[in-house]
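Worksheet: one structure, shown below.
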Amino acid sequence: MPHTRRFLAEHGFAADDSPATSVKRFPDGAHYRVEIPSTEGPEVLDAVLEEARAREVVVHRISQGSGALLLTDVELARMAGTAADASVELSLFARPLAGWGTGAMATASGGGPVAAQARGTDGLVHAVDDIHRSAEAGVRSVLITDLGVLRVAAKMRESGDLPTDLRFKISVQMGLANPASVRVAEDFGADTYNVPTDLTIGQLAAIRAATDLPLDVYIEAPDDLGGFVRHQEIGEIVRVAAPVYVKFGLRNAPNIYPSGTHLTPTAVALGRERVRRARIGLDLLARQTPDVRTSVPGADGLALPQPRNRAEATSWMSEHATDGGAQ
């Protein structure tokens, strides 16, 4: 064991899981930023931003799990435009993946890790095409779970086949949980990394020592990701993991993936409650560690949307206002 720990230290890793204080920061010097996940569609995005204004919560990033795959062109354009106007990063999942497919292993008792993978060449192509579609709508942040999708997308970004300012946010479902693994994702082109929800403070510190990537850490996790409520640890999480996106999921809430208009009222209510949970967490953070800093809206390093089709979306919605709007 001493030999292995010495080897790790010589190669830029922490030798153990001691909860060291991070000296790393976002480009503007901030320790943390706020992410609201599971914002499934334009109505939910509107509600989250409205609730954030009412509760004085600065939201830096909105993420979504159903992907551009399950948004119409108009909905996609509307979300990109709304996020751009609010100076908020919008990150859309790259879909489809095996968990929504016809294969049996993704739903088997031992097949959980398979669900987040792209299967075969066609699966790889479909996921990358979904990234293309998001980028064409002006979205500049996409959620990726599969290492192969990440590698191909990063190569396409390098070659100019995808926008050079596109950012790859790694989903918690990739599941890499140690410093060496997270560095692999960084080497493959990741721009931020969402760590598993159950890592200890020391384990977070060890990953932070190995990478400069911003880490995305659930302060509250959905039930199907463990259901952990870690508000009391928020100060320690920011201390050891900075620069960190503190991410407010929601326990005791239904899984709404894949989402759609049939679930809009539920998704809106859940989105509003996530912002309320963020207010609770940020108030606690201020009491625990009043000296930590957050970023202003639109801060350097955020992958803000660059929408092209807002005018088309607005015109379409105006024309269809009498029959229920965008579907």
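Quick notes
- Cut-off 11 Å, label 7 Å out along Cα→Cβ of residue 292, residues of the stretch 214-241 by amide N: 217, 219, 231-241
- Sparsely packed loop sites in the stretch 212-286 (the trypsin sites (Lys or Arg not before Pro) outside DSSP H, G, I, E and B with at most 16 other Cβ atoms within 10 Å) comprise 251.
- Cα shape, the stretch 12-91, gyration tensor, a/c 1.5 rule: prolate
- Each stretch of four or more DSSP H residues adds -39500 (n - 2.57); spread over every residue of the chain, this sum gives -12500 deg cm²/dmol at 222 nm.
- Within the accessible area of the stretch 1-74 (1.4 Å probe), percent carbon and sulfur: 57
- Alpha carbon centroid spacing (whole Å) that separates the stretch 220-298 from the stretch 1-54: 13
- Given a 1.4 Å probe and the protein chains as shown, residue 132 ends up with an accessible area of around 50 Å².
- Accessible surface, 1.4 Å probe, highest first, among residues 128, 292: 292, 128
- Each Lys and Arg adds +1 at its Cβ and each Asp and Glu adds -1 at its Cβ; summed about the Cα centre, the chain shows a dipole of about 720 debye.
- Inter-label distance, residue 50 to residue 266: 2.1 nm, where each label sits 7 Å from its Cα along the C-beta direction.
- Taking all protein chains into account, the per residue accessible area for the chain stands at 43 Å² (1.4 Å probe).
- Here each label is just a point 7 Å from Cα along the line to Cβ, and for residue 279 and residue 165 those points are 3.3 nm apart.
- Full-stretch length increase - residue 155, residue 198 - with 0.36 nm per residue and alpha-carbon distance subtracted: 12.3 nm
- Space enclosed by the convex hull of the alpha-carbon atoms of the chain, per residue, Å³: 140
- Ranking of 93, 7 by solvent-accessible surface, largest first: 7, 93 (1.4 Å probe, protein heavy atoms only, all chains present).
- Taking Cα centre as origin and charging only the Cβ of basic (Lys, Arg, +1) and acidic (Asp, Glu, -1) residues, the dipole magnitude of the stretch 33-89 rounds to 200 debye.
- Counting protein heavy atoms only, the stretch 263-304 has 56 percent of its accessible area on carbon and sulfur, 1.4 angstrom probe.
- Counting every alpha-carbon pair across the stretch 1-158, the share separated by more than 19 Å comes to 65%.
- Tilt relative to the chain, helix 264-288 - C-alpha long axis, 0 to 90 degrees, to 10: 30
The values are calculated or read from the model by the stated rules, or taken from the named source; none is laboratory data. This structure is a prediction, so every number in the text was calculated from the model and none was measured. We place every Cβ from the backbone using ideal geometry, glycine too, and count neighbours over all the protein chains shown. Surface areas here come from the heavy atoms of the whole protein model, side chains and all, with no ligands, DNA or RNA. Shrake-Rupley method; radii C 1.70, N 1.55, O 1.52, S 1.80 Å.
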